[in-house]
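The values are calculated or read from the model by the stated rules, or taken from the named source; none is laboratory data. The structure displayed is predicted, hence computed values, not measured ones. As a convention, Cβ positions derive from the backbone with ideal geometry for all residues, glycine included, and neighbour counts pool all protein chains shown.
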Amino acid sequence: MIALAQMAENVLRTADGREKTALSHKYAAEWRAARAAGEAPEIGTSNPPLRPARPDKPELLSPRDVPHRKPGSPEGRIALLHAVAHIELNAVDLHWDIIARFTDVKMPMGFYDDWVSAADDESKHFNLMCDCLEALGSHYGALPAHAGMWRAAEDTVDDFMGRLAVVPMVLEARGLDVTPNMIQVFKSAKATQAVDALEVIYAEEVAHVAYGSKWFHFLCGRHELDPKEAFHDLVRTYFHGVLKPPFNEEKRAEAGIPPDFYWPLTESV
Ligand SMILES: [Fe+2]
Ligand SMILES: [Fe+2]
């Protein structure tokens, strides 16, 4: 079995979405099997690209230029699923990137267990969205998608705690806020395949946010930092703009993010 950081780099350097996620799933299975056998596999080091390899399609546009479609229409629902597929593919890369990028910081094995498991979930989420799109006669790449999804990764390329603050604890937490409404859109349209897929995603994303919170707190403890203060400082440094309510306070609480972490960030200072 190759070192985990090398696995991560290989996923990042695979362009096609279905291939990337198949490789991600294969490596996660190898990791889990080794861990179940009581091994402590090598983390190693690697040379991750600044930006992950991506397919030629979708065309990436600035958010302003991505056409907005009404969610009430079939085209609007396809656009929504396409946007989620794009987010999930980015999430696959974000999870492997954190593994590959910060090997200089010594972390307990449990950290890697969590990130590999979440990367595997994201791979499944991407495929679920692709399956839904294909069942509707579309596919990932058929529509333009947001450029700039990778910005948070580039902004925090040198700051492990900044990465944890911005990616799982802000961006993935935002997913918890918006997914219930999205599920409602597909319920109203009686689109059961999409409802089932989004419910899987919604349930599993709570754990991803919780992993972020857990390891962020761990690192604050290691450096004797106040977690709330550190979180506010890092989000203000690396995240562009303010956080937008309404928040899913219940799911955020379940994921270990208390209200005094995010409410103060709804206002710029
Ligand atoms: Fe996901
Ligand atoms: Fe996630």
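Of everything in the stretch 56-75 that is in contact (Cβ under 8 Å) with a residue 40 or more places away in the chain and part of a helix (DSSP H, G or I), the residue that is farthest from residue 184 (Cα to Cα) is 65.
When 100, 79, 40, 53 are checked against the criterion of being more than 16 Å from ligand 2 (Cβ to nearest atom), in a loop (DSSP other than H, G, I, E, B), hydrophobic (A, V, I, L, M, F, W, C) and at pLDDT 95 or above, a single residue qualifies: 53. In the stretch 86-109, of all residues being under 14 Å from residue 54 (Cβ atoms) and more than 11 Å from ligand 1 (Cβ to nearest atom), the one that is surrounded by the most Cβ atoms within 10 Å (Cβ to Cβ) corresponds to 96.
For the stretch 232-267, residues that are surrounded by fewer than 15 Cβ atoms within 10 Å (Cβ to Cβ), in a helix (DSSP H, G or I) and not hydroxyl-bearing (Ser, Thr, Tyr) total 7. When residue 124 is tested against (1) in contact with a helix residue (DSSP H, G or I) (Cβ under 6 Å, 6 or more places away or on another chain); (2) within 11 Å of ligand 2 (Cβ to nearest atom), just one condition goes unmet, and that condition is (1).
Scanning the stretch 170-197 for residues that are away from ligand 2 (no atom under 13 Å from the Cβ), of a type in the set (A, V, I, L, M) and in contact (Cβ under 8 Å) with a residue 24 or more places away in the chain, we see that the one that is surrounded by the most Cβ atoms within 10 Å (Cβ to Cβ) is 194. Residues in the stretch 135-156 that are surrounded by 15 or more Cβ atoms within 10 Å (Cβ to Cβ) and more than 29 Å from residue 193 (Cα to Cα): 152, 153, 155, 156.
Applying a threshold of 6 Å to beta carbon distances and a minimum spacing of six or more residues, or different chains, the list of pairs starting in the stretch 1-14 at a residue that is free of Cβ contacts under 8 Å to residues at least 60 places away in the same chain and ending at one that is crowded, with 18+ Cβ neighbours inside 10 Å reads 6/46; 14/20; 14/23. Whether a residue is farther than 21 Å from residue 108 by Cβ, surrounded by 15 or more Cβ atoms within 10 Å (Cβ to Cβ) and aliphatic (A, V, I, L, M) was assessed, and residue 23 passes this test. Here residue 154 clears all of (1) under 19 Å from residue 54 (Cα atoms); (2) within 16 Å of ligand 2 (Cβ to nearest atom); (3) among the charged types (D, E, K, R) except the condition numbered (2).
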